[in-house]
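The values are calculated or read from the model by the stated rules, or taken from the named source; none is laboratory data. Everything numeric in this text was worked out from a predicted model, so none of it was measured. Using ideal geometry, Cβ is built from the backbone for each residue, glycine included, and neighbour counts are taken over all protein chains shown. The accessibility values were calculated without ligands, DNA or RNA, using every heavy atom of the protein model including side chains. Shrake-Rupley method; radii C 1.70, N 1.55, O 1.52, S 1.80 Å.
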Amino acid sequence: MIDRQTIDKIMDATNIVDVVGDFVTLRKAGVNYKGLCPFHDDKTPSFMVSPSKQICKCFACGEGGTAVNFLMKHEQITYPEALRWLAKKYNIEIQEKELTDEEKQQQNDRDSMFIVNEWAMKYFQEILKNDPDGIAIGKQYFRSRGIRDDIIEKFNLGFALSKRDALAIAATKAGYKAEFLVKTGLCIQGEKGIHDRYAGRVIFPWLNVSGRVVAFGGRLLDSRTKGVQQKYVNSPDSDIYHKDHELYGLFQAKKAIAKEDRVYMVEGYTDVIAMHQCGLENVVANSGTALSVYQIKLLRRFTQNITLLYDGDEAGIHAAMRGTDMLLAEGMNIKVLLLPDGDDPDSFARKHTATEFKAYIEQNATDFISFKTRLTVENVTDPVKRSEAIGGIVKSISVIPEQILRSTYLSTLAQRLGIKEQTLLNSMNGMIRKDIEDKEKERERENARNQQTAPQEIIGLHTADEQTQEVERLLIQSVIRHGEEVIFENLETEDGGTTSLTVAQYVDYDLGSDGLTFHDERYNQILREAVEHSGKEDFKAETYFMHHPDADISHLATQLAIDRHQLGKSFQVKQREGSLRQHVQHLVLDLRMDIVEKRLKEIQTEMRQVGSDRERAMELMEEFKSAQELRNALAKQLGNDIIR
């Protein structure tokens, strides 16, 4: 466990703008920063980051918090892992004991798979650098492709020995279990045990957007790819890798993509690597698979501008055509460039400087309308085929979410083809209406399925219990925000002295006098710790709980504290009316009122069910009368300030 002193040191060093900026393209917005939210399908920047408050928040989906909360949500990692991530980023040493075999066994599979992959990447690198076969075969291959040593290091390239169980043996000796070698795809389970998946291949590690090793690609050397041998072998899908969720080279390219506000999409590993070596770093590859919505949304965090860059053969044309509608539907601005015959991005990059390559792209890349028109409509004389091709282009335009851009593209197409714009507009509107109708029908079918399976007893949403929970939330929010602040001074004590009460102490005293506690045990823990620390001069409840070692409490405290901060002029938060003391007193009284009202309803229900038990009926009537009197007294105290 990481001690609080180290946590405080980590949090003091952390700059949330730097952390979020590693994953989201941020732009200055007054004193704050904003970008597209990585936690939902954000079309306009709604994710705000406050450097002064060291917090972030999406004002569309509500996600946010400290840098730790952001990392936990974004990277799907634990609280300690997020702290270690920050410690590594800011060069803060964390003293932790080596895990025992029992503790290693208890680590979840996901963590173990990342650990195994990290080890394997270093193992392949070590073979390439120092093993005789790695140098003679693996490094020689990269040399033959003109890849420099610094680029080999940048992309963590490696080599797998030809012996079928070399990695399996080395991993076992290093203490890694066969179970995770198979789960990551590094090894394959056979009848006689496990054997290496990538034996005799040069290795291309896949890093996710945060730099963790999620998968590998292995390429056979040219001399072995003749016949039936499969040139490339890639990691299978696993708990940490889904091929349609990742893009090769994104980790190395993300800063350049944000800086250039454009990404080049190519097909293969060597295309990415050659362009980096040429000097163009804002490039990623989907490695021959069809683009997915996940990948597009991943790119859209960094830029809306994409250039599809492929060789000019039939395969390159097909690659450029597929996924176009998905890119347009996600709001991406597409350009397409097919390189001259005989060239792919790899070979072209090796023959040109970055300036030359970039100039060629700028001069020859076309928008997708021109590209699709040239390929599918021009020189087509058959009326039916020509009509179908034009309809396909109009269909692509129809999925663009921005209306003005749709109209601009449609006008361009009409002029290019010599067709009346109104004709194309009517066709496009018909496509949009049909798409809306299809989606509406699907929603209706989904609603019908949900109604069939929904519990019949669920009638209302806002029950008495939920009212109580909301008041409890507001009360513990006050403890988090103001727990250390004194709201009662010079109170007389039984021994004739005087004392003061902080917000936390008052809430604890008032509820404790009747044995009342919160329904949420986290709230009870927060109140206890706030009371325990109230006497300390340097205690600040909000900071203390936002940086709490318990991840649940830290996240809860951040969520309850965050909405009072003004992250931008567009997001003004209404301030508390009246004094802090009045606010807290009213919350406590309101909680008591909710408890009494709930009990009154319970008594009424029980009275209807008591039957012929006259003695029990009389007891309930007496209790009901007492509860009514208490409710009236509370209402009188609350006056018109009852919180609902």
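The residues neighbouring ASP271, those whose beta-carbon lies less than 12 Å from its own, together hold a net charge of -3 under the Lys/Arg +1, Asp/Glu -1 convention.
Taking a straight Cα-Cα cut-off under 15 Å and skipping sequence neighbours fewer than 8 places away in the same chain, the aspartates and glutamates within cross-link reach of LYS351 are ASP271, ASP311, ASP341, ASP343.
Accessible surface of VAL266, taken over heavy atoms with a 1.4 Å probe and every protein chain present, rounds to 0 Å². Note on LYS625 and GLU602: the extension gain reaches 6.9 nm, defined as 0.36 nm multiplied by sequence separation minus the Cα-Cα distance. Between amide H atoms placed 1.01 Å from N, distances below 5 Å from VAL263 occur with ASN305, ILE306, THR307, all of them 5 or more places distant or on a separate chain.
Where both bridge residues fall in the chain, DSSP classifies roughly 75% of the beta bridges as antiparallel. Which shape class applies to the stretch 1-74: rounded if a/c is under 1.5, otherwise prolate when a/b exceeds b/c and oblate if not, where a ≥ b ≥ c are the square roots of the Cα gyration tensor eigenvalues? Here the stretch 1-74 falls in the prolate category. Every helix of 4 or more DSSP H residues in the chain counts as -39500 (n - 2.57), and over all residues that averages to -16500 deg cm²/dmol at 222 nm. Applying 0.36 nm per residue to the separation of ASP382 and THR499 and subtracting their alpha-carbon distance, the gain on full extension is 32.7 nm. Sparse packing (at most 14 other Cβ atoms within 10 Å of the Cβ) combined with a DSSP loop state is found for the following trypsin sites (Lys or Arg not before Pro) in the stretch 179-282: LYS192, LYS226, LYS231.
In summary, the aspartates and glutamates within cross-link reach of LYS192, defined as a Cα separation below 14 angstrom excluding same-chain residues under 8 places away, comprise ASP165.
With the Cα gyration tensor of the stretch 50-93 giving a ≥ b ≥ c as the square roots of its eigenvalues, does the rule (a/c under 1.5 for rounded; else a/b larger than b/c for prolate; else oblate) give rounded, prolate or oblate? Oblate, since a/c reaches 1.5 and b/c is not below a/b.
Among the trypsin sites (Lys or Arg not before Pro) found in the stretch 364-426, those both in a DSSP coil and sparsely packed, with 11 or fewer other Cβ atoms within 10 Å of their Cβ, are LYS420. Cross-link pairs exceeding 30 Å between alpha carbons, from the set LYS34/LYS540; LYS129/LYS183; LYS601/LYS636; LYS34/LYS439; LYS9/LYS57: LYS34/LYS439. Taking a span of 24 Å or more along the helix axis (Cα atoms) and a mean Kyte-Doolittle hydropathy of at least -1.0 as the rule, the DSSP H helices of the chain that qualify are 109-130, 464-482, 580-609, 614-638.
Using only Cα atoms, locate the centre of the stretch 14-52 and the centre of the stretch 273-339, then give the distance between them in Å, rounded to an integer. The stretch 14-52 and the stretch 273-339 have Cα centres separated by 24 Å.
Between the residues ASN208, LEU339, TYR509, the greatest Cα displacement towards the positive end of the dipole of the chain, with unit charges on the Cβ of Lys, Arg, Asp and Glu, is found for LEU339. Extending 7 Å from Cα along the Cβ direction at LEU580 and again at HIS245 yields two label points whose distance is 4.3 nm. Rounded to 0.05, the FRET efficiency of the ALA13 and ASN305 pair, given R0 = 41 Å and the Cβ-Cβ distance, is 0.75. Compared with the direct C-alpha span, the chain from ARG374 to HIS195 gains 59.5 nm at full extension, assuming 0.36 nm per residue. Simple point charges give the picture: +1 on the Cβ of Lys and Arg, -1 on the Cβ of Asp and Glu, and for the chain a dipole about the Cα centre of about 3040 debye.
Annotated for the stretch 210-327: lysine pairs at least 8 residues apart or interchain, Cα distance under 24 Å, count 7. Under 20 Å of direct C-alpha separation, and excluding same-chain neighbours fewer than eight residues apart, LYS89 reaches these aspartates and glutamates: ASP3, ASP8, ASP12, ASP18, ASP22, GLU75, GLU81, ASP111, GLU118, GLU153. Under a 5 Å amide H cut-off, with hydrogens placed 1.01 Å from N, SER46 pairs with GLY35, CYS37 among residues at least 5 apart or on other chains. Here each label is just a point 7 Å from Cα along the line to Cβ, and for GLU446 and GLN469 those points are 2.4 nm apart.
Name the residues whose placed amide hydrogens come within less than 5 Å of the amide hydrogen of ARG201, ignoring near sequence neighbours (fewer than 5 apart) on the same chain. The list, which skips near neighbours in sequence, is ALA160. Of the residues LEU527, MET326, GLY175, the one whose Cα sits farthest toward the positive end of the charge dipole of the chain, with +1 on the Cβ of Lys and Arg and -1 on the Cβ of Asp and Glu, is MET326.
Shape of the chain from its Cα gyration tensor (a ≥ b ≥ c, root eigenvalues): rounded if a/c is under 1.5, otherwise prolate when a/b > b/c, or oblate? The shape class here is prolate. Sorting SER513, SER579 by accessible area puts them as SER513, SER579; the probe is 1.4 Å, largest comes first, and only protein heavy atoms count. A simple spin-label model places the labels of MET618 and THR355 10.4 nm from each other, with each point 7 Å out along Cα-to-Cβ.
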